[in-house]
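*Asks:* Sending over a structure as structure tokens; questions will come in a sec.
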Amino acid sequence: MSRRSSDDNAFSALPDKSHTGSSRMGRSICMLKLSLFLAVLPGIILAITLRDTEDVFYRAQTAFDAIVQIAKLPEQDVQHFIQAFSMFDMNNFTGTPEQMKLVEAYYNILPHLTAIGNFEKMYLPPMLDPSKDTYSNQKLFEIWMSHQLNVSNKTATSRSAAPHVLDIGCGRGRIAHLVATETGAHVTGLNIAVDQIASANMFARKTGMAQQLEFVHGNYNHRLPFDDEMFDALYYVQVIGGYGTNLTALFTEAYRVLKPGSRIVLEDYILLPAFDSSNKKHQELMRWSRSILGGVDFFPDTAYTDALRMAGFRTLSRGKHSTGEQVQLLRQDVDFFVPLGNVVSALAYIGIVPQHFKTMLDRLNQGAEACVEAHKLGLLTGDIV
């Protein structure tokens, strides 16, 4: 191998104009594809999903923003998201640092996909109004939950005078936003995914709620990063059953950070008595349901009530609004995301949609029908503890 001469170096530094022209043309084609992608897909989504007119402009903007974010995702993040689905096949999720990296990778990407439809808040609510869709039933439930917290104080003139509420597993902070608006309380959200916290803070600033909302990075399987008796109320919505490794320890921490007499409202997935752990079909349906609902495990009713009692809580009321009914909402949303996946596959085939969008939707939709069947068989459902 010979060393290059100075002439060789000079020559190699000369611009290859034909290559530059090709690069520019390539960038132009990519920009054209992206423009078509951003122009065509939102229209298709709106035509499919906006059956209900509530907050139509917010939902349209949210869907469009999600599509833009998906289009810009680096390949590495996409691969980490796909790899994260391996946690749903684990027989024993213990919350190790490596396992929690999978959780964070999953939740840094998932909201972009779910925000296209009715699942921006990533939970299946109790059906409180059969005439409304998932999004509207979420709002109805959150309003109901806000009142159950018993902290309403819309006349507070300062942050120190307002009640302080903790949201465990706050996601992108949209539920916290509604609770703060509905009650006048100051709401602090705890979440493990830094991208979601960034989204929550951005939304709080955009809506003028930054003084009433605060979002903290943390893992609820560890000691909560708050002082004793700091909060007037606490809630979570379908997060603990997903990744809680020790319910008693978690609820003991919740008890520690709450003031005496405070209320806690919990909504989570419950494993129902119809589930037979020795039934291979039930096992398979549950395996797919975990990946659809975003939980590595589901607990029976008694696991929650026993852990709450051992932590020092007293049950004031129970609700089972969703038993046998959530499947209707789930069916609606499966009937949105599966056709959307087909549309995206076609657009990816002709080169308009980024291939990774198809890859992620395909993985997200796997097991959708199995999850619907698990609900129909009464193997699991959302509940209000």
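The values are calculated or read from the model by the stated rules, or taken from the named source; none is laboratory data. Bear in mind the structure is a predicted one, so any value in this text is a computation, not a measurement. Note that each Cβ is placed from the backbone with ideal geometry, even for glycine, and that neighbours are counted across all protein chains shown. The area values use the complete protein model at the heavy-atom level, side chains included, leaving out ligands, DNA and RNA. Shrake-Rupley method; radii C 1.70, N 1.55, O 1.52, S 1.80 Å.
*Asks:* Please verify whether ASP89 is farther than 30 Å from LEU316 by Cβ and either buried (at least 20 other Cβ atoms within 10 Å of the Cβ) or out of contact with any strand residue (DSSP E or B) (no Cβ under 7 Å at 6 or more places or on another chain) (or both), treating the condition exactly as stated.
*Replies:* yes
*Asks:* Oh, and also: In the stretch 258-280, is there at least one residue being open to solvent by 40 Å² or more (accessible area, probe 1.4 Å) and part of a helix (DSSP H, G or I)?
*Replies:* The answer is yes, given that some residue of the stretch 258-280 is open to solvent by 40 Å² or more (accessible area, probe 1.4 Å) and part of a helix (DSSP H, G or I).
*Asks:* Still on this structure: Quick check on the stretch 346-371: of everything there that is among the aliphatic types (A, V, I, L, M) and more than 19 Å from the chain's Cα centre (by Cα), which residue is nearest to MET87 (Cα to Cα)?
*Replies:* Filtering the stretch 346-371 for residues that are among the aliphatic types (A, V, I, L, M) and more than 19 Å from the chain's Cα centre (by Cα), the one nearest to MET87 (Cα to Cα) comes out as ALA370.
*Asks:* Let me ask you something else. Kindly provide the set of residues from the stretch 84-115 that are more than 14 Å from ARG174 (Cβ to Cβ), touching a residue at least 12 places away in the same chain (Cβ under 8 Å), out of contact with any Phe, Trp or Tyr (no Cβ under 8 Å at 6 or more places or on another chain) and not in a helix (DSSP H, G or I), ordered by number.
*Replies:* MET90, THR94 - these are the residues of the stretch 84-115 that are more than 14 Å from ARG174 (Cβ to Cβ), touching a residue at least 12 places away in the same chain (Cβ under 8 Å), out of contact with any Phe, Trp or Tyr (no Cβ under 8 Å at 6 or more places or on another chain) and not in a helix (DSSP H, G or I).
*Asks:* Can you tell me which residue within the stretch 45-68, out of those that are at pLDDT below 55 and aliphatic (A, V, I, L, M), is farthest from the chain's Cα centre (by Cα)?
*Replies:* ALA47
*Asks:* Still on this structure: If ASP227 satisfies every condition in (1) open to solvent by 40 Å² or more (accessible area, probe 1.4 Å); (2) not in a loop (DSSP other than H, G, I, E, B) but one, which is the exception?
*Replies:* Only one criterion in (1) open to solvent by 40 Å² or more (accessible area, probe 1.4 Å); (2) not in a loop (DSSP other than H, G, I, E, B) is unmet by ASP227, namely (2).
*Asks:* Sticking with this structure for a sec: Looking only at residues in the stretch 103-127 that are surrounded by fewer than 24 Cβ atoms within 10 Å (Cβ to Cβ) and among the small types (Gly, Ala, Ser), which one is farthest from ASP167 (Cα to Cα)?
*Replies:* Looking at the filtered set, the residue picked out is GLY117.
*Asks:* What are the residues in the stretch 347-371 that are among the aliphatic types (A, V, I, L, M), open to solvent by 20 Å² or more (accessible area, probe 1.4 Å), touching a Lys or Arg at 6+ places or on another chain (Cβ under 9 Å) and free of Cβ contacts under 8 Å to residues at least 60 places away in the same chain, if any?
*Replies:* Passing the criteria: none in range.
*Asks:* Residues that are under 20 Å from PRO130 (Cα atoms): list the helices (runs of 4 or more DSSP H) wholly contained in the stretch 318-385 that include at least 1 such residues.
*Replies:* Values: elements: 326-349, 355-365, 368-376.
The helices (runs of 4 or more DSSP H) meeting that bar are 326-349, 368-376.
*Asks:* Which residue out of TYR220, TYR236, TYR243 is open to solvent by less than 20 Å² (accessible area, probe 1.4 Å), of a type in the set (Phe, Trp, Tyr) and in contact with a Leu (Cβ under 7 Å, 6 or more places away or on another chain)?
*Replies:* The conditions single out TYR236.
*Asks:* Working only within the stretch 71-84, note down all residues that are touching a Leu at 6+ places or on another chain (Cβ under 7 Å) and at pLDDT below 90.
*Replies:* Across the stretch 71-84, the qualifying residue is only ALA71.
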